[in-house]
Amino acid sequence: MTEFPGWHGTTIVAVRRGGEVVVAGDGQVSLGQTVIKGSARKVRRLSPGGYEVVAGFAGSTADAFTLLERLEAKLEATPGQLARASVELAKDWRTDKYLQKLEAMLIVTDGRDLFVITGAGDVLEPEHDIAAIGSGGNYALAAARGLMVTEMRAEDIARQAMAIAADICVYTNGNLTVEKITA
C-alpha cells in the first residue's frame, strides 16, 4: 500500500510599512509532485462586526475555512479586538479535540496588528514587520527582510518577495492574490 503523498502549496507573506499592511499569497496547490491547481485564492478579506480584517492561510483549505469561521465568530463577539479574538481562537484550537486535528496556519491583520496563529496555541507578532507561512514561507520572509532596507512600498516588497520565493520553491507559483489594509 502506498502512502498518500501529501498536499503541498501556498506561500503567504505579509508586510507592514507606511501605515498599511499587504498580505500576498500564491495560488499553487500540489499533490506530491503534481500541481493540482495554480489559482487557489488563499488570501481573504473578512468584515466581522463591520471591522476589516485580512487573512491568509496555508495548509488544508477546509481546515483553514473552519478556522476562519471561528475567527470571524470571535471577532463578532469582540469587535475591533483582533489580538483578543486571535488568542481566543488559538486557545480553542489548542484545547478542542476536533480543532486539534486541523492542519493550517493563519496570518491575520487589521492594519494595526499583525499575527501568525498556529495550532500549537501560538499567536505570534512577527519581528521586522514581516510574517510568512507555507511551503515557501522562509524564502519569502528572507526576501522581504532583505527588501525592507529599500524605499519600496509594502505591496512592492510583498510582490517581489513572492516572486523570489516562486523562483526557489517548487510548491510556490507567481499567481498572486494581494490584499491591502490600512490602520
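Given only helices, namely DSSP H runs of n ≥ 4 each adding -39500 (n - 2.57), what is the per-residue ellipticity at 222 nm of the chain, to the nearest 500 deg cm²/dmol? Walk me through the numbers on the way to the answer.
Values: 4 runs with 57 residues, N = 183.
Rounded to the nearest 500, the figure is -10000 deg cm²/dmol.
Once you have the Cα-Cα distance between Ala163 and Glu20, take 0.36 nm times their residue separation minus that, and quote the gain in nm to one decimal.
49.4 nm
Report the FRET efficiency, 1/(1 + (r/R0)^6), for Asn138 and Arg45, where r is their Cβ-Cβ distance and R0 is 22 Å, rounded to 0.05.
Values: r = 26 Å, r/R0 = 1.17.
Working from the Cβ atoms, E equals 0.30.
Which one, Lys101, Lys42, Lys91, has the greatest fluctuation when you compute a Gaussian network model over the chain with C-alpha springs under 10 angstrom?
Lys101
Kindly state, to the nearest 0.05, the FRET efficiency for Leu124 paired with Glu103, given R0 = 22 Å and r defined as their beta-carbon distance.
On the way: r = 18 Å, r/R0 = 0.81.
Taking R0 as 22 Å, the efficiency between Leu124 and Glu103 is 0.80.
What are the ³J(HN,Hα) couplings of the range 97-114, residue after residue, when phi is run through the Karplus curve with 6.51, -1.76, 1.60 and θ = phi - 60°? Round to Hz, x for glycine and proline.
Residue by residue, the range 97-114 yields 4, 6, 5, 4, 7, 6, 10, 6, 9, 10, 10, 10, 8, 10, x, 10, 9, 9 Hz.
Report, to one decimal in Å, the Kirkwood hydrodynamic radius for the chain based on all distinct Cα pairs. Mind dumping the intermediate values first?
Working: mean 1/r = 0.0616 Å⁻¹.
Computed over Cα pairs of the chain, the Kirkwood hydrodynamic radius comes out at 16.2 Å.
So, R0 is 25 Å and r is the distance between the beta-carbons of Val149 and Arg112; what FRET efficiency does that work out to, to 0.05? Show your work: numbers first, answer last.
Values: r = 24 Å, r/R0 = 0.95.
About 0.60, to the nearest 0.05.
For Phe65, Phe115, give the ranking by accessible area with the largest first, probe 1.4 Å. Please list the in-between numbers first.
Values: Phe65 75, Phe115 15 Å².
These residues rank, largest area first, as Phe65, Phe115.
Output ³J(HN,Hα) for the range 52-64: one whole-Hz value per residue in order, computed from phi by the Karplus curve 6.51 cos²θ - 1.76 cosθ + 1.60 with θ = phi - 60°, and x for Gly and Pro.
Once θ is set to phi - 60°, the couplings for the range 52-64 become 6, 9, 10, 10, x, 9, 10, x, 5, 5, 4, 5, 5 Hz.
Just tell me which lysines come within less than 23 Å, Cα to Cα, of Lys101; anything on the same chain fewer than 8 places away is out.
Reachable lysines: Lys42, Lys74, Lys91.
For the range 40-183, give the magnitude of the charge dipole about the Cα centre (Cβ charges: +1 Lys/Arg, -1 Asp/Glu; no others), in debye to the nearest 20. Kindly include the intermediate steps, with their values, before the conclusion.
Details: 16 positive and 20 negative charges, 50 e Å.
Dipole size: approximately 240 debye.
Return the equivalent ellipsoid semi-axes of the range 50-122 as a descending list in whole Å, where each equals the square root of 5 times an eigenvalue of the C-alpha gyration tensor. Kindly include the intermediate steps, with their values, before the conclusion.
Working: eigenvalues 68, 32, 22 Å².
Three semi-axes, in Å: 18, 13, 11.
The values are calculated or read from the model by the stated rules, or taken from the named source; none is laboratory data. Keep in mind the model is a prediction, meaning the values are calculated, not measured. Because the Cβ atoms are built from the backbone with ideal geometry, glycine has one as well, and the counts that use them run over all protein chains shown. Accessible surface areas use protein heavy atoms only, side chains included; no ligands, DNA or RNA. Shrake-Rupley method; radii C 1.70, N 1.55, O 1.52, S 1.80 Å.
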